[in-house]
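Q: Below you'll find the structure I mean.
The values are calculated or read from the model by the stated rules, or taken from the named source; none is laboratory data. Since we're looking at a predicted model, the values are computed, not measured. Ideal geometry is used to build each Cβ from the backbone, glycine not excepted, and the neighbour counts take in all protein chains shown. Please note that ligands, DNA and RNA were not included when accessible areas were found on the heavy atoms of the full protein model with its side chains. Shrake-Rupley method; radii C 1.70, N 1.55, O 1.52, S 1.80 Å.
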Amino acid sequence: MTAYKLARHKGVHVAFAILALFYGFAFFALAVSGWNLMLPNQFGDLAVSGEVEAWAGMQLCGSLFMAFGLLINGRWRWSPALRLVGSGIVAALTSVLAYSASTATEGAAFMVYCSGFSALGWFVSFCALVDFRAALFWGGDDGRGAV
Amino acid sequence: MTRIEWWIIGGLTALTLGFLSSLVITSSWWFRINSLTIHDARVGEIAGVNYDREFFRPFNGHWDVSVWQMDRGEWAAYCGASGDWPYKPSRPAQDKSFDWLTDDDPRCSRLPVGQYRAELTLTANPGTILARSQTITSNVFEVRP
């Protein structure tokens, strides 16, 4: 197996990617269908200052990047970069939303939800970073034929 | 990596950058609406308007004004106006009239006795990927007999 292929915590990565994909699709579908998903008293002014479609689109793209990185896993040397970018986008986005919700009058529930999602996202990002480092310093070719 | 996979990565990257630009580049890059105050008036008089806005960069904009009337305890749309304008960097004079705000719309120019409020939406670069809007709702103003 190539050095940078995801082996450790694979279950956590897959579970996080499935969760992120589910919420990404659901969030984006509701946003483009015109639902007013982000109320200032629940999400805070920072979140509301951005377009809800853009927040949802970023979450969806991040989760797709991550899922794609998992699908390619090991077949391409730089697939950890896809996982790193995807999980990093989702983690950063949920961190910003958690901070914004913490400034809202009725944002406690969203803050707790986004913080938990963000913590898991940063853990997955860290694992992807470790794999990316392995890919960076791996001495072989692009991995084809490696055992 | 197959060619299709490269296309997927390219597409995802473009989409991500597009959504990111939506979050980072907001309407305040082009303009900011600070306040909209409409003064009370008598029937037949033209109400005074104090409209404070700043334009930071040139842009083609679309404005839309809706006037709402208090009707049996609920707000109902009464009249409105809209139009396009090439905005230039400036901070225009704030003192305007209600006729100016509603672009001389005949229905808005002759408001009957009642309570009203106006909602104004200004959109920079309408119809493009960089379309950004701000909406402001005025105070409740009164047209007296």
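Q: Which one of these is under 29 Å from A:A56 (Cβ atoms), away from chain A (no Cβ under 14 Å) and assigned to a strand (DSSP E or B): B:W63, B:W75? Steps first, answer last, please.
A: On the way: B:W75 fails: under 29 Å from A:A56 (Cβ atoms).
On inspection, the qualifying residue turns out to be B:W63.
Q: Residue check: is B:V140 touching a residue at least 60 places away in the same chain (Cβ under 8 Å), over 15 Å from B:S82 (Cβ atoms), surrounded by fewer than 15 Cβ atoms within 10 Å (Cβ to Cβ) and in contact with a Lys or Arg (Cβ under 6 Å, 6 or more places away or on another chain)?
A: Numbers: touching a residue at least 60 places away in the same chain (Cβ under 8 Å): yes; over 15 Å from B:S82 (Cβ atoms): yes; surrounded by fewer than 15 Cβ atoms within 10 Å (Cβ to Cβ): yes; in contact with a Lys or Arg (Cβ under 6 Å, 6 or more places away or on another chain): yes.
So B:V140 passes the test.
Q: Do you know which residues across segment B:15-45 are in contact (Cβ under 8 Å) with a residue 12 or more places away in the chain, among the aliphatic types (A, V, I, L, M) and surrounded by 15 or more Cβ atoms within 10 Å (Cβ to Cβ)?
A: Hits for segment B:15-45 are B:I33, B:L36, B:I38, B:A41.
Q: If you check A:G57 against the conditions, is it without any contact (Cβ under 8 Å) to a residue 40 or more places away in the chain, out of contact with any strand residue (DSSP E or B) (no Cβ under 8 Å at 6 or more places or on another chain), assigned to a helix (DSSP H, G or I) and open to solvent by less than 30 Å² (accessible area, probe 1.4 Å)? First the steps, then the outcome.
A: On the way: without any contact (Cβ under 8 Å) to a residue 40 or more places away in the chain: yes; out of contact with any strand residue (DSSP E or B) (no Cβ under 8 Å at 6 or more places or on another chain): yes; assigned to a helix (DSSP H, G or I): yes; open to solvent by less than 30 Å² (accessible area, probe 1.4 Å): yes.
Answer is yes for this residue.
Q: Might you check whether a residue that is within 18 Å of B:T135 (Cβ to Cβ), among the small types (G, A, S) and in contact with a His (Cβ under 9 Å, 6 or more places away or on another chain) occurs anywhere in segment B:64-82? Can you show your working first?
A: Taking segment B:64-82 as the starting set, the residues that turn out to be within 18 Å of B:T135 (Cβ to Cβ) are B:64-68, B:75, B:77-82.
Retained after the next criterion (residues that are among the small types (G, A, S)): B:66, B:77, B:80-82.
If we keep only those that are in contact with a His (Cβ under 9 Å, 6 or more places away or on another chain) too, we end up with B:82.
There is at least one residue in segment B:64-82 that is within 18 Å of B:T135 (Cβ to Cβ), among the small types (G, A, S) and in contact with a His (Cβ under 9 Å, 6 or more places away or on another chain).
Q: In addition: Could you say whether any residue in segment A:108-118 is β-branched (V, I, T) and free of Cβ contacts under 8 Å to residues at least 40 places away in the same chain? Even if it seems obvious, please write down each step before you answer.
A: Within segment A:108-118, the first condition is being β-branched (V, I, T), and the residues that meet it are A:112.
From what is left, the residues that are free of Cβ contacts under 8 Å to residues at least 40 places away in the same chain are A:112.
Yes.
Q: Restricting the search to segment B:1-32, which residues are within 14 Å of another protein chain (Cβ to nearest Cβ) and either among the small types (G, A, S) or assigned to a strand (DSSP E or B) (or both)? Before the answer, list the steps.
A: So in segment B:1-32, the residues within 14 Å of another protein chain (Cβ to nearest Cβ) come out as B:1-29, B:32.
Residues satisfying the conditions are B:G10, B:G11, B:A14, B:G18, B:S21, B:S22, B:S27, B:S28, B:R32.
Q: Further question: Does segment A:72-93 include one or more residues that are at pLDDT 90 or above, under 22 Å from A:Y113 (Cα atoms), open to solvent by 60 Å² or more (accessible area, probe 1.4 Å) and at the interface with another protein chain (Cβ under 9 Å from one of its Cβ atoms)?
A: yes
Q: On to the next question. Identify, from the list A:R83, A:R75, the residue that is basic (K, R) and under 20 Å from the mean Cα position of the chain (by Cα). Break it down into steps so the answer makes sense when it comes.
A: Working: A:R75 fails: under 20 Å from the mean Cα position of the chain (by Cα).
Answer to the selection: A:R83.
Q: For residues in segment B:89-144 being in a strand (DSSP E or B) and aromatic (F, W, Y), which is nearest to B:V67 (Cα to Cα)?
A: As a first pass, look at segment B:89-144 and keep what is in a strand (DSSP E or B): B:90, B:95-97, B:114-124, B:132-137, B:141-144.
Filter again for aromatic (F, W, Y), leaving B:116, B:141.
On the way: B:Y116: 7, B:F141: 11 Å.
Checked segment B:89-144; the qualifying residue nearest to B:V67 (Cα to Cα) is B:Y116.
Q: Which of the following residues is at pLDDT 85 or above, assigned to a helix (DSSP H, G or I) and either within 14 Å of chain B (Cβ to nearest Cβ) or surrounded by 19 or more Cβ atoms within 10 Å (Cβ to Cβ) (or both): A:A26, A:A67? Step through it out loud before you land on a result.
A: On the way: A:A26 fails: either within 14 Å of chain B (Cβ to nearest Cβ) or surrounded by 19 or more Cβ atoms within 10 Å (Cβ to Cβ) (or both).
None of the others qualify; the one that does is A:A67.
Q: Also: In segment A:13-54, which residues are free of Cβ contacts under 8 Å to residues at least 12 places away in the same chain and of a type in the set (D, E, K, R)?
A: Scanning segment A:13-54 gives a single hit, A:E51.
Q: Here's another thing I want to ask about it. Looking at (1) closer than 27 Å to B:R132 by Cβ; (2) more than 8 Å from chain B (Cβ to nearest Cβ); (3) more than 17 Å from the chain's Cα centre (by Cα); (4) open to solvent by less than 20 Å² (accessible area, probe 1.4 Å), find the lone condition where A:G50 falls short.
A: The failed condition is (2).
Every residue, every condition in (1) touching a strand residue (DSSP E or B) at 6+ places or on another chain (Cβ under 6 Å); (2) open to solvent by 40 Å² or more (accessible area, probe 1.4 Å); (3) not β-branched (V, I, T), yes or no:
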| site | (1), (2), (3) |
| --- | --- |
| B:F59 | yes, no, yes |
| B:S66 | yes, no, yes |
| B:R72 | no, yes, yes |
| B:W75 | yes, yes, yes |
| B:C79 | yes, no, yes |
| B:P86 | yes, yes, yes |
| B:D95 | no, yes, yes |
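Q: Taking segment A:113-129 on its own, how many of its residues are in contact with a Pro (Cβ under 7 Å, 6 or more places away or on another chain) and modelled with pLDDT of 90 or more? Working first, answer last.
A: Residues of segment A:113-129 in contact with a Pro (Cβ under 7 Å, 6 or more places away or on another chain): A:128.
After this cut, where a residue has to be modelled with pLDDT of 90 or more as well, the list is none.
Residues that pass the stated criteria total 0.
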